[in-house]
């Protein structure tokens, strides 16, 4: 843990970054400068190569949080008269439904319980039933619970039925090994401040080039027009249409270099997985149970069931924060939970210190003996 940070963020993002990533933001850039725009194009190419070796894909960056990139995609690539099927087993699947509703895009919901894994057979049945569905959208890692949805299995069914597949890989890209081909994805969406360990400021979309070109004129928004943003970056050497988050981009360049130095996505997935397994084992030893069974867990974030007596989340949160650990409140509607992320500049030794802090806090509050 860096000595110059007041606490460790154990969240699904924004997350704890390295000092060198933060220091990369100390230099100012002009959005018109060729050096800066060259960095943007380099980032775009490197993102594509993290997901595929094929030249069939391209990438586009979009100002704002990850949700901005999700809304830009949903609002830009579905044609007039198109229909979206949204897989929903958590808050972020539900958010995509809300986006479609606000944009007046007809949508079909594939509902699952928050603790229920997505069933690819059920998705296929809906595709057969609703022949007018043109696009399918799903969240890969649903951080409501920490569940890792079966993105490849769903993608195979979507491809089989000739529909376009949009995958929200916000909390998995860069931290879990994947490819556009293995997922059968046409669009993959993520954000700078997730597993690549940059800072907030932009999201990005890796897109099948032919599909993105086909979407020209579909956008329901000026600023969130994915095609126009991509076209401007293509023809102007990396320039954004409107003011770009220059400092965030520079931090992301450093974060990508640090991902490479760590050994790439495979090494990062191994570290995140070790963090998560160590966390679960340590809290179970204290008598604190996970919400989900092990086979449904991602290495990104884990939901734990709140102890039944002498536990108040806000008090627990503040006591841990005083010990330099910041966790997340629960988001599950049917259970009292809290969540702990295991991504970012976090290592197994940090998890061991966290477990000790939770044990001490639990004894102080009286829910542990």
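The values are calculated or read from the model by the stated rules, or taken from the named source; none is laboratory data. Since this is a predicted model, take the numbers as computed values, not measurements. For neighbour counting, all protein chains shown are included, and Cβ atoms are generated from backbone atoms with ideal geometry for every residue, glycine included.
Observations on the model:
- Selected residue (only one of 227, 316, 272 is part of a helix (DSSP H, G or I), crowded, with 20+ Cβ neighbours inside 10 Å and out of contact with any helix residue (DSSP H, G or I) (no Cβ under 7 Å at 6 or more places or on another chain)): 272
- Restricting attention to segment 235-269 and to residues that are farther than 18 Å from residue 344 by Cα and out of contact with any strand residue (DSSP E or B) (no Cβ under 8 Å at 6 or more places or on another chain), the residue that is surrounded by the fewest Cβ atoms within 10 Å (Cβ to Cβ) turns out to be 235.
- Restricting attention to segment 164-181, the residues that are surrounded by fewer than 24 Cβ atoms within 10 Å (Cβ to Cβ) and either in a loop (DSSP other than H, G, I, E, B) or within 13 Å of the chain's Cα centre (by Cα) (or both) total 4.
- Once segment 152-163 is narrowed to residues that are out of contact with any strand residue (DSSP E or B) (no Cβ under 8 Å at 6 or more places or on another chain) and in a helix (DSSP H, G or I), the residue that is surrounded by the most Cβ atoms within 10 Å (Cβ to Cβ) is 157.
- So residue 39, is it more than 19 Å from residue 154 (Cβ to Cβ) and surrounded by fewer than 23 Cβ atoms within 10 Å (Cβ to Cβ): yes
- Here the strands (runs of 3 or more DSSP E) wholly within segment 40-151 that include at least 3 residues being under 18 Å from residue 169 (Cα atoms) and modelled with pLDDT of 95 or more are 57-63, 84-88, 135-139.
- Any hit, segment 288-304, residues being out of contact with any strand residue (DSSP E or B) (no Cβ under 8 Å at 6 or more places or on another chain) and in a helix (DSSP H, G or I): yes
- The set of residues in segment 134-150 being more than 17 Å from the chain's Cα centre (by Cα) and either crowded, with 22+ Cβ neighbours inside 10 Å or closer than 30 Å to residue 338 by Cβ (or both) consists of 135, 136.
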